[in-house]
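Working notes for the structure below.
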Amino acid sequence: MPLRLFLSSGDLMADRRFEFARDLQLKGDLPAAADLLEQAIELAPNFTSAWFTLGEIRGQLGERDKAIAAFREARRSDPGDQHGAGLHLMRLGDEQLSEMPKAYVQALFDQYAPRFEHALINDLGYRAPSLIFKAVLAARVAAKKPAFFKRAIDLGCGTGLAASAFAKQVDHFIGIDLSPGMIKEARATGLYAELEVADMIEGLCSEPDGSANLIVAADAFVYLSDLAPVLMEARRVLAAGGTLAFTLETHDGSGVILGDGLRYAHAAEYVRGAIAKAGFKLLTLEPASPRNENNEPVRGLVVVAEKT
């Protein structure tokens, strides 16, 4: 997974204490790690990485209130919340479910970009693009329509794995990703006619009405809690008869939850409702695992819908 984000405090002694604390955390000596982090914070009260790691450790120790206090300080010292402290506050029940901070998602994937494909394919058995490709192909065959698309948009394109899966089916591919690091990797593939650094909704907003025949999002909507805005924009951008296809993580309950992996999981009935409300015709909604985590398949869904 991604390298761990570190924001220097600007104080050499505080940074060293943080490094020692991280070593102790990884070795399992959590009380000693917490003590060193508190020393670092005394030297540098706005040391975001130390506050965030202290929150993690307090959580590991079962000290919920202290964990919440540390995560609040992490976000206070970095309002953009590059570490994602707000997500931990949601997991701890201190805040209501809300969207991920853009700065967190961008920092996460900028770090991940150089080793993204190796980690996903070799370590996590990533299969979302192939799931989407097979589902789209099956839906088009069932409808007796050709599986060729003049203009396609890859939301959260990453390094280009979805474009690679659809390369022979698409004339003009547009990639949209919030991470400049990912866009750099995607550009090197030569698979995209256009690439844009933007979040998924902003990227779609810049596209003309009815201008795309296919929109795909491989393992990208797991970073959105509310699917309604992106679905509505996707419907506007798709031409009549256009196809939307994506993967999600899912759970047995209702609605949307933030999972242990800090990605959103959407219940199947929530997805059905969101698709219908956005004005799509649902073609496919099937269980399918997009990746592994801790050597176990992640529960997921593959979805194909059509603009009628």
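The values are calculated or read from the model by the stated rules, or taken from the named source; none is laboratory data. Here the structure is a predicted model, which means the values were calculated and not measured. Virtual Cβ from ideal backbone geometry, glycine too; neighbours counted across all protein chains shown. Protein only, heavy atoms only, side chains kept; ligands, DNA and RNA dropped before computing areas. Shrake-Rupley method; radii C 1.70, N 1.55, O 1.52, S 1.80 Å.
Pairs are defined by a Cβ separation below 6 Å, a sequence spacing of at least 6 or placement on different chains, a first member in segment 140-164 that is over 28 Å from A198 (Cβ atoms), and a second member that is in a loop (DSSP other than H, G, I, E, B) and among the hydrophobic types (A, V, I, L, M, F, W, C); the pairs so defined are R140/A147. For beta carbons closer than 6 Å, sequence separation of 6+ or different chains, a first residue in segment 212-240 that is on the phi > 0 side of the Ramachandran plot and a second that is open to solvent by less than 10 Å² (accessible area, probe 1.4 Å) and among the β-branched types (V, I, T), the qualifying pairs are D219/T247.
Every residue, every condition in (1) open to solvent by 50 Å² or more (accessible area, probe 1.4 Å); (2) under 16 Å from the mean Cα position of the chain (by Cα), yes or no:
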site: M100; (1), (2): no, yes
site: Y104; (1), (2): no, yes
site: L108; (1), (2): no, yes
site: R127; (1), (2): yes, yes
site: A142; (1), (2): yes, no
site: C157; (1), (2): no, yes
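Only one of the numbered conditions (1) under 20 Å from L7 (Cβ atoms); (2) in contact (Cβ under 8 Å) with a residue 40 or more places away in the chain; (3) in a loop (DSSP other than H, G, I, E, B) is violated by A50, and that is (3). Scanning segment 88-97 finds one or more residues that are open to solvent by 60 Å² or more (accessible area, probe 1.4 Å), more than 14 Å from the chain's Cα centre (by Cα), within 28 Å of G255 (Cα to Cα) and of a type in the set (S, T, N, Q). The residues in segment 111-142 that are charged (D, E, K, R) and modelled with pLDDT under 90 can be counted, and the count is 3.
Considering only residues in segment 19-61 that are of a type in the set (F, W, Y) and under 21 Å from G84 (Cβ atoms), the one that is nearest to the chain's Cα centre (by Cα) turns out to be F52.
Out of R16, R64, one residue alone is more than 24 Å from the chain's Cα centre (by Cα), under 21 Å from G84 (Cβ atoms) and basic (K, R). It is R64.
Residue-wise test of (1) of a type in the set (A, V, I, L, M, F, W, C); (2) not in a helix (DSSP H, G or I).
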| site | (1), (2) |
| --- | --- |
| L5 | yes, yes |
| A14 | yes, no |
| F18 | yes, no |
| A21 | yes, no |
| A34 | yes, no |
| Q39 | no, no |
| G55 | no, no |
